[in-house]
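J.: Have a look at this one.
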Amino acid sequence: MTSETSPAGPSYAAREGAPPTDRPRPTRPFTRRGHQAQPEMNEGRIRRLHVPADRTALAVLLVATALLYLWGLGASGWANSFYAAAAQAGSASWKAFLFGSSDAANSITVDKTPLAIWPMALSVRVFGLSSWSILVPQALEGVGAVWLLHATVRRTTGSPVAALVAGTTMALTPVAVLMFRFDNPDAMLALLLIGSAYATLRSLEVSTRSTTGKAVRWLVLAGVLLGLAFLAKMLQAFLVLPALVVVYAVFAAVPWRRRILHLLAAAGGLVVAAGWWLAVVMLWPAASRPYVGGSRHDSILELTLGYNGLGRLDGSETGSVGGNPFGGGQWGTTGLLRMFGSEVGTQVAWLLPAALVLGVAALVLARGRRLLRAGLTLWLGWLVVTALTFSLMAGIFHPYYTVALTPAIGALVGTGSVVLWRHRRSLAASAVLGFTMAMTTALAFELLARDGSWHPWLKYVVATVGFAAALMVVGARHLPRGVAGTVAVVALLAALAGPAAYSLATAATPHSGSIPSAGPAGGTGFGPGGQAPPGGTAGGASTGGLLDGSTSTSAITALLVQDASSYTWVAATVGSNSASGYQLATQRAVMAIGGFNGSDPSPTLAEFKAWVSAGRIHWFIADGTGAGAGRGGQVGPGGSTATEITQWVESTFSAKTVDGVTLYDLSPPP
């Protein structure tokens, strides 16, 4: 028997003083003719033969992932026009780029930190505004995330097979396909979180008394990447922080005093990477920067700790859009089984139980392999903390958040399955593998059965092959190596068949709106593709709404761009989604009164009147939703402000209807 090796040298297991392989010694050391079997080839020979094959397999994985994430990408249009409009604004104004403004005239920001918008804005600046320039950066981030996960698992296990399974599992999880083809911040968040895990494990790999400097540099890089993840989606990035800290504190091969100092250095990198932008916003004079969207008092700290922070946990966030698109409680039913419920299950749950079982079992079997145990501990901590948070949080929660679980699921499935397969001659290991396969098959059958109209035959094929594979996996320890390998491939294909089918359906379905959902058209969510219903008739104008962007027509666009250079904003309307479609159609600044859901107190009625008097706003577009009153069922101070502005416009200016949309020309003096 020989060990799997890395291109850089001996196997990781050998480096750490463990036997060169986790696979138990063969129980039949003689050939059929009675002669002692010779080693198949020496380790160096294996390295020379395996490296090209490993690289080819990785290349195939990345090319296939790119095709899955890029194919037909333009069909989704702007996807989430809320972020697409911010990217357009950032491409036209460096100030809007810095702050993440919804429009190039900097009236208000999006309700997130802006790092995820920056690649899209740069792409639009270079290639021009189009669906592809908005969405291709997201797809490339997805390919990068799969590659980085592969590299991370490869280093901790020394197994190209484990790395390949990990990358494939993540790439084929439906919610990953959804979000890496969409322009929400979650794609960038996932990429940076995997990067922080990679850097943490690299620091452990080099953490010895003689390489302290290298360990610190890698750990500081992990902190920096985590800080940048905060700039992508604020406090959600810190859900993996406990796992990173515990893993280094427990497994670093340096004295405790140095471990603490190293962690403090990493904390410093995190604070610098995340804090510089917060400092810029807080120190910049409020009168010359955009209003902080999503806050009630123009405060980035309020946004961080409230609406996008602790308020998400207990449901006390101010400015919540309210309502639950899936029915039930305001944001769905909380509880330990939330990840398997009707809203979330088909997005991510396919291999979640398998990841937990395989991860724990592999951790038990990984005695003596420090780096392998560290990797398993990190991914288990990541998965458990994030899944429990999503399951129990009472505030705003959307199913697509679960893309943050996919790296941990992929890593645990890849690592755990290979570790147990190497121990398959043990009855306990083979029994765990068989149980996991049967459990995964049963779950896939249930998830596929939730949409009985979509390929109803598929669940029976998956069940038949999956349960048969489970039985064969248990008996694989009695099979010749070639036959056992075939069984392993069949089991893997059966386990991935369900999520792969849903992923292909996701890629084939256009997605738009604020709350996308993976899966086949007509499944759970908002109608076809899981989207919110359109706000107008096909081919006509739509004023948009809380969760879907507006749609302009050629007549409305021509009206808005007429004499546009004479105005700061060609139009104003209530809510960012209502403004987004007109802004993307005209590529001119459109003011989003009240921010995302029209409830932010910006601008005030006095400010709006002053801008109208100064001739800075040309048109007011009636949004048709009650101007902030009734958005999401809430009428907060911002909603009252939007209502006051709308009532003043309606009582002061004359209305004009174009393609079913009511507009008010604000250019004549009142």
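The values are calculated or read from the model by the stated rules, or taken from the named source; none is laboratory data. Just so we're clear, the structure is a prediction, and the values are computed from it rather than from any experiment. Backbone-built Cβ (ideal geometry, glycine too); neighbour counts: all protein chains shown. Only protein heavy atoms, including side chains, enter the accessible area calculation; ligands, DNA and RNA are left aside. Shrake-Rupley method; radii C 1.70, N 1.55, O 1.52, S 1.80 Å.
J.: Under the rule a/c < 1.5 gives rounded, and otherwise a/b versus b/c splits prolate from oblate, where does segment 269-424 land using the Cα gyration tensor?
T.: Working: a/c = 3.64, a/b = 1.64, b/c = 2.22.
Verdict is oblate for segment 269-424.
J.: Straight distance only, please: which lysines reach the Cα of Lys233 with their own Cα at less than 17 Å, same-chain residues fewer than 8 apart left out?
T.: Lys233 reaches Lys112.
J.: Using 1/(1 + (r/R0)^6) with R0 = 25 angstrom and r between the beta carbons of Ala614 and Asp659, what's the FRET efficiency to the nearest 0.05?
T.: Numbers: r = 29 Å, r/R0 = 1.16.
Computed FRET efficiency for Ala614 and Asp659 comes out at 0.30.
J.: May I ask you to list the lysines whose Cα is less than 26 Å away from that of Lys609, ignoring any residue fewer than eight positions away on the same chain?
T.: Candidates past the 8-residue exclusion: Lys95, Lys656.
J.: Please calculate the 1.4 Å probe accessible area of Leu115, with all protein chains present, and give it to the nearest 10 Å².
T.: Roughly 20 Å² of Leu115 is accessible to a 1.4 Å probe.
J.: Now for a separate question. Taking amide H positions as placed in the peptide plane 1.01 Å from N, state which residues far from Ile593 in sequence (5 or more) or on other chains have amide H under 5 Å from it.
T.: Here Thr573, Val574, Gly575 satisfy the definition.
J.: Under the rule a/c < 1.5 gives rounded, and otherwise a/b versus b/c splits prolate from oblate, where does segment 399-469 land using the Cα gyration tensor? Could you put the intermediate results ahead of the total?
T.: On the way: a/c = 3.41, a/b = 1.33, b/c = 2.56.
Taking the square roots of the gyration eigenvalues as a ≥ b ≥ c, segment 399-469 is oblate.
J.: Going toward the positive end of the dipole of segment 244-320, with +1 on Lys and Arg Cβ and -1 on Asp and Glu Cβ, which of Ala249, Trp284, Gly269 do you reach last?
T.: Result: Ala249, furthest along the dipole toward the positive end.
J.: With just the Cα atoms defining each centre, how far is segment 58-121 from segment 256-319? Give it in Å.
T.: With segment 58-121 and segment 256-319 each reduced to a Cα centre, they are spaced 22 Å.
J.: Enter the accessible area of Glu205 (Å², nearest 10), with the probe set to 1.4 Å and all protein chains included.
T.: 40 Å²
J.: Report the residues of segment 442-474 in range of a label on Ser342: point 7 Å along Cα→C-beta, backbone N strictly under 20 Å from it.
T.: 443-456
J.: Sticking with this one: Report, in cubic angstrom per residue, the convex hull volume of the C-alpha atoms of segment 378-498.
T.: Working: hull volume 13.8 nm³, N = 121.
Hull volume normalised by residue count: 114 Å³.
J.: Can you tell me the alpha carbon radius of gyration of segment 143-241 divided by the globular rule-of-thumb value 2.2 N^0.38 Å? Working shown, then result.
T.: Working: Rg = 14.3 Å, N = 99, 2.2 N^0.38 = 12.6 Å.
Expressed relative to 2.2 N^0.38 Å, the Cα Rg reads 1.13.
J.: With a 1.4 Å probe and all protein chains left in place, how much accessible area per residue does segment 323-436 have, in Å²?
T.: 29 Å²
J.: A further question on this structure: Can you compute the FRET efficiency between Tyr460 and Leu504 using 1/(1 + (r/R0)^6), with r the Cβ-Cβ distance and R0 = 22 Å? Round to the nearest 0.05.
T.: Details: r = 19 Å, r/R0 = 0.84.
E between Tyr460 and Leu504, to the nearest 0.05, is 0.75.
J.: For segment 347-434, what relative contact order do you get, as a whole percent, if you take Cα pairs closer than 8 Å and at least 6 residues apart?
T.: 43 percent
J.: Which shape class, rounded, prolate or oblate, goes with segment 164-305 when its Cα gyration tensor gives a ≥ b ≥ c as root eigenvalues, a/c under 1.5 marks rounded, and past that a/b bigger than b/c marks prolate? Write out the running numbers ahead of the final one.
T.: On the way: a/c = 2.93, a/b = 1.33, b/c = 2.20.
The shape class here is oblate.
J.: Let me ask you something else. Counting only heavy atoms of protein chains, what accessible area per residue, in Å², does segment 186-312 have with a probe of 1.4 Å? Mind showing how you got there, number by number?
T.: Working: 4890 Å² over 127 residues.
Result: 39 Å² of accessible area for each residue.
J.: Moving on to the next point. Two decimals is fine: what is log10 I(q)/I(0) at q = 0.27 Å⁻¹ for segment 387-440, from a Debye sum with one equal scatterer on every Cα and no solvent?
T.: -1.01
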